[in-house]
1. Give the number of residues within the range A:300-345 that are under 24 Å from residue A:255 (Cα atoms) and hydrophobic (A, V, I, L, M, F, W, C).
2. Identify, by number, the condition in (1) modelled with pLDDT under 90; (2) assigned to a loop (DSSP other than H, G, I, E, B); (3) buried (at least 23 other Cβ atoms within 10 Å of the Cβ) that residue B:229 doesn't meet.
3. In the range B:139-186, what residues are over 25 Å from residue B:100 (Cβ atoms) and surrounded by fewer than 19 Cβ atoms within 10 Å (Cβ to Cβ)?
4. Name the residue, out of A:475, A:463, that is in the same structural domain as residue A:339 (by TED's automatic domain parsing), of a type in the set (Asp, Glu) and at pLDDT 95 or above.
5. Scan the range C:27-48 and give yes if some residue there is closer than 15 Å to residue C:280 by Cβ and under 28 Å from the mean Cα position of the chain (by Cα), otherwise no.
6. Filter the range A:366-413 down to residues that are away from chain C (no Cβ under 14 Å), closer than 25 Å to residue A:280 by Cβ and not basic (Lys, Arg), then give me how many there are.
7. Please work out if residue C:264 is in a helix (DSSP H, G or I), surrounded by 22 or more Cβ atoms within 10 Å (Cβ to Cβ) and within 10 Å of chain B (Cβ to nearest Cβ).
8. Of the numbered conditions (1) surrounded by 20 or more Cβ atoms within 10 Å (Cβ to Cβ); (2) assigned to a strand (DSSP E or B), residue A:320 fails exactly one; give the number of that condition.
Amino acid sequence: MSQTKKLLTFLLVIMLLAMSMNVFAQDDIMAGKGGRLVVADADSDTSLDPFVTSWHSWPHYAIYPTLFSQAEDLTYVGYLADTWEVAESGDALSVTLIDYATFTDGTPVNAEAIKWNLERQADPEVGSPGGADLVGLLTEVEVIDEYSFNIKLERPFAPLIFLLSGIEIVSPTAYEAMGPDEFGLNPVGAGPFIFKELNTNNYVLFERNPDFTWAPEEIYDHPGPVFLDELQVLFLGEEQTILAALETGELSVAGIPAQNLADATANPDIDVESQMMNQIRYVGFNTSKAPWDNAELRKAFSYATDRVELVTLAWEDQAVPLYQPLPPTIWGHNPDIDADAPHYDPDQAMAILDELGYVDADGDGMRDNPDGTPWEVPFTVGSDDEWRRQGEVLVAQWSDIGIPVQIELMDFGSMLELTTTGTHDIFLSLYGYSDPLILTYFFDPDRKGGSNRAWYSTDELTELLLAADSDMNQETRYETITQISEYLIDQSPWVFLLVPNTLTGVRAELENWKIHPADGGLLYWNSYFEVDS
Amino acid sequence: MKEPKPTGQVVELEQHRGLYTQSIHEFRQNRGAVISLIVLVVIIFSSIFASYLTPYDPLQRDTPARLMGPSIQHLMGTDTLGRDIMSRVLHGGKISLQIGFLSIFTSALVGIPLGLLSGYFGGIVDNITMRVMDVILAFPGLVLIIWLVAILGSSMIMLILAIAFFFIPTYARLTRGISLSLREIEYVLAAQSVGASTARILILHILPNALAPIIVITTLSISGAIITGASLSFLGLGVSPPTPEWGSMLSDGRGYLRNAWWMAFFPGITITLVVLAANIIGDGLRDALDPKVRK
Amino acid sequence: MNQYIMRRVVLAIPLILVVITIVFLMLRLGLPGDPAQIMAGDRATPELIAQIRENLGLDRPLFEQYLIFLRNAAQGDLGRSVKFREPVVDVIMNAFPFTITLTLASVIAGTFFGILVGVLTALKRATWVDNFATVFVVFFYSIPTFWLGLMLILIFSVGLRILPVQGASTPQHFILPTINLAVGQIALIARLTRSGMIEVLNADYIRTARAKGLSERAVITRHTLKNVLIPIVTVVGLSFGGLLGGAIITESIFGLPGVGLLVIDAINNRDYPMIQGTVLLVAITFIFVNLIVDILYAFIDPRIHYN
């Protein structure tokens, strides 16, 4: 053989050896690991098309990747994005993607694909709830080369990375081939799992994506493929059934109802972890309707609310009292401002009410309007157990100081509708989010009759919100957000109640899992059951 | 005083007055029925005089005493807010008993004549009436309730009427079936030939034979009515929390089955007692009123 | 009789139309809650909600929506679920087998054991057997369905581990849900049977039959059941129809993906096409079942005829 040939052969052999070693190494890691993760989530019973659904859960995260991901320390790391740079002006972002990600239909996850996705989300005629923020904000996605592009915005937008971390990327080829209606029934993404089977109302089943190797390394030691063979999401809603199914092993992971925490913890087959959620519960006032336009009156309610007791009675102590608009699990929360916020002080509440003229004129034990007519306080509460429990406690507390509250139970759809009419009084609600941007939705002057259920906005607040959303400097943004929080505490369009905990029960047989400190979700891409190889 | 004449399987009621006093006498002989009547009366009176029977305010919460099992201080335990369950059961009885009895009786009042007439006349009358019943049966009750609450607001009367509405087809179809099978028999034909009015025929000849199954359905449906009442309340119709009511107490206890079973147990057992008592009384009534039954 | 059946079948169509139309109107007029709003979520702008309404076809004039709905329905297309974007017909047809299995099992079990207990208690009237059985049966009837269901799960699934908690993939999955539903049926049928039989057992002609020397068994079976059956058949028909519309609580507790859960979900989401689809299903069911019951009446009691 000639020298060259020998060299080539040698190289070939080395290459083959290296590849096979890689394969062995791969097999080694995967050996003995597998199994099917079975979870229960009634909310997952929704369309799998990211342009249709406003609720994203297990199934979406399993099959679709995003550009960025939130790490455990609340910062954002790259998922599909490899390197990126935010322009100083804050209205442009340049991104270079990793070059080895592929959709499960074989097409590459490249700049064109991202462009297609972002533009579709931003298209007002598509009407994608998830892309709501991009509409009118995204001006252009400029493709530089195969794996890099620039995003140009209408104005500086501080939470851009956060926003992009929630935009799920689908295969444009597949979407265009199948059309929107069919795609939701046969979705194609580039995530750790491949869609296998959907039985609406019953369950959805996924299997491991063998090509997936791009899990964010800051979050996962092993970048992929996942160890689990399959993921099954059952659409179960009944709390007690879910608990029982976890105990028998029919479920691998489940939420534990607060009142059953002791049982679950004592159970040797189940590991339980508690984690604060990125959600809050609050009471909202319709500030467009008298007398709820009076900030002092609203604050009286805040003083009248014993959040500590509420947490015990309605949440079995599995929640934390809240005194400001943002929970500790959302960046922007400032622990220093709690001290000056209204805490439980019934005397103060009574003093304010007396001063405003709400005294008991007719001697029936309940306060009346300043003009002497009976005071009516309709309290709109949702019909589910959780709402009723909280509602009853609040009514008891407020009645103690003479506020004649009347609960009006309503199913969720009716309640939503009612708050858009501006004829409601006070209501109980929640939000769950990962960025202070959420406050803009609730106090936006243009969203009264929409998500601004308190019908509250002032020029000063709007200015602050806009400033926060466009401030690219973390430190100054944080300060502005603190100002916003203090403003909202002072004006009290909401009474902030609590931050619930999520209790996750996991079968002891599942190895190598963690709970994400930011949203309480399960990090399971490196998890596995021990199986015989 | 004439004795009623049982013939074949159909009964003629000839003298009402005689039967009436005789029935009361026979009912009193029935020990089980009397006991049940006493139990029912006790429950009813306890509800009416609830405030005197228990030192606790059904709405008063007591956080340190929450979720405690039955004890001397709290015979039926306490709930998630520390409220005394016995006092809530007693006070709740007022509303739940009204819901249970009034809705079912209203339903019977409307459904039975409908069914009797429908089966008796047959033909188009029967067809139309029964098709209307089909529509009611097919109708999604929840949608109707949400709609009603939005348009008419909520109140106890609406709640009772709404529940009654959904039980009407049961009474109508039940009575109609029997009416259909009896309209050809000799007694009815005979009565018709002498010109007896429709009402007379229906009440004297046909209704007595439908009485037995009607009593069964009525006594059993009371629990269904109470529980339906709770579901409707959650949609905004009827009673709102924190007013106690057996049905909603049951729902509150649903998530606490394992660790606070008494929350759902006591209202549940009370409903059972009421239904059981009603059933036994019903049996007694039927035995007493129905001369076909041998004493 | 055949003429009667034909008339009923033909009548069914305008009837279903009436039900569907009432529901259609009710959903869009006055029912609070807007599917587009619910779908759009919390961050929606009014423009987005309007766009979703347009995409769903809800912004067109009412009459036009109605005609489109009818035209499609006549071709077997009930539209797409607002929530799932899946054809309503497919979703319902996937859920229906579970519901019908559960319905058949519980009605058959309930009726069978109900009649058994009913006959027994009628024959042994006023003895301890009767008293005990009555209390037993009524007791289980009044236990709230969810309580019984959760108890069954705690005992048989979590405790004894002999039956699964939830799901519908094997026949064993249907055992507990069937028991849950049959219990109520048994009480109803048993009490009806008992009361009917007591009446008839004492009537003159029975005494005559006994005098003639027929065996007790023959007397019972030939003469009494016929007359007891009419109320029973009525009630079984009503239960059957009701269960085919979905046993919501039982399905929820046992994770049985049947029509009941679909209905609740649809109403909560104001998923108009899905609500209309399930109403259509229930309407057809009741019309059909009640027709069967009416035919059975004529079989049981030849005196019955429909003019």
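1. So the count comes out to 11.
2. (2)
3. Scanning the range B:139-186 gives B:150, B:151, B:184, B:185, B:186.
4. Of the residues listed, the single one that is in the same structural domain as residue A:339 (by TED's automatic domain parsing), of a type in the set (Asp, Glu) and at pLDDT 95 or above is A:463.
5. Start the filter on the range C:27-48 by keeping residues that are closer than 15 Å to residue C:280 by Cβ, which leaves C:27.
Now drop any that are not under 28 Å from the mean Cα position of the chain (by Cα), which leaves C:27.
There is at least one residue in the range C:27-48 that is closer than 15 Å to residue C:280 by Cβ and under 28 Å from the mean Cα position of the chain (by Cα).
6. 21
7. When the stated conditions are applied, residue C:264 does not pass them.
8. (1) is the only condition that residue A:320 fails.
The values are calculated or read from the model by the stated rules, or taken from the named source; none is laboratory data. As the structure is a prediction and not an experimental result, all values here were calculated from the model. Every residue, glycine as well, gets a Cβ built from its backbone with ideal geometry; the counts of neighbours run over all protein chains shown.
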